[in-house]
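Right, one structure below, let's go through it.
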Amino acid sequence: MKIEKDTIVTLTLKVADHLGRVIEASKEPMALLVGGYGNTLPAIEAALEGQEKGFATTLDLTPENAFGERDESKVRTLAKKDFPPGVKVGGALELREGESGEFQLYNVVKIKGDTVMLDGNHPLAGMSLKVSFKVISVRAASAEEIAHGHAHGDHGHHH
Ligand SMILES: [Zn+2]
């Protein structure tokens, strides 16, 4: 079966930086609903399109094709007293952008004295990445999976 919109692709994935140093490697295969549901990067979906079980490749992605360029306006510094107790580096919190803006996820990157430095950029923003993957299986998505916008069952969402 070929990979097309509304198929469930089970794959193993490895993400490395441009020098090939591994950043993230899936321990378990993951199941993705493909077809523009935002379950993976568009560049990965484009590479999968029309392929079949057993397909393996490595993509060299520029930041624009991966997680975008860094936006330094998403780096914010706040007073430690404004935080819930227990805030620490490596944690994350959602902050509203302005009075009525959308919530944005910020990672706590540094705590220095009374200030906390937050970064709303994706941790991989601004990086060129080598993404390697191998397709383990391909099947048609169920109506329920399409309605939910994600894969169910083995290596998918459980609810
Ligand atoms: Zn679901």
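For this structure, a couple of remarks:
- If you check GLY149, GLY101 for being under 27 Å from PRO42 (Cβ atoms) and loosely packed, with under 13 Cβ neighbours inside 10 Å, only one passes: GLY101.
- Members of the range 47-62 that are touching a strand residue (DSSP E or B) at 6+ places or on another chain (Cβ under 8 Å) and under 22 Å from ASN121 (Cβ atoms): LEU59, ASP60, LEU61
- Within the range 122-135, the set of residues being open to solvent by less than 70 Å² (accessible area, probe 1.4 Å) and not polar (S, T, N, Q) comprises LEU124, ALA125, GLY126, MET127, LEU129, LYS130, VAL131, PHE133, VAL135.
- Qualifying strands (runs of 3 or more DSSP E) (wholly inside the range 61-159; at least 1 residues being within 16 Å of the ligand (Cβ to nearest atom)): 129-140
- Meets criteria (in the same structural domain as ARG21 (by TED's automatic domain parsing), open to solvent by 70 Å² or more (accessible area, probe 1.4 Å) and within 16 Å of the ligand (Cβ to nearest atom)) for GLU49: no
The values are calculated or read from the model by the stated rules, or taken from the named source; none is laboratory data. In this text, all values refer to a predicted model and were calculated from it rather than measured experimentally. With ideal geometry, Cβ positions are generated from the backbone for all residues, glycine too; neighbour counts draw on all protein chains shown. Ligands, DNA and RNA are excluded from the accessible area calculation, which covers all protein heavy atoms including side chains. Shrake-Rupley method; radii C 1.70, N 1.55, O 1.52, S 1.80 Å.
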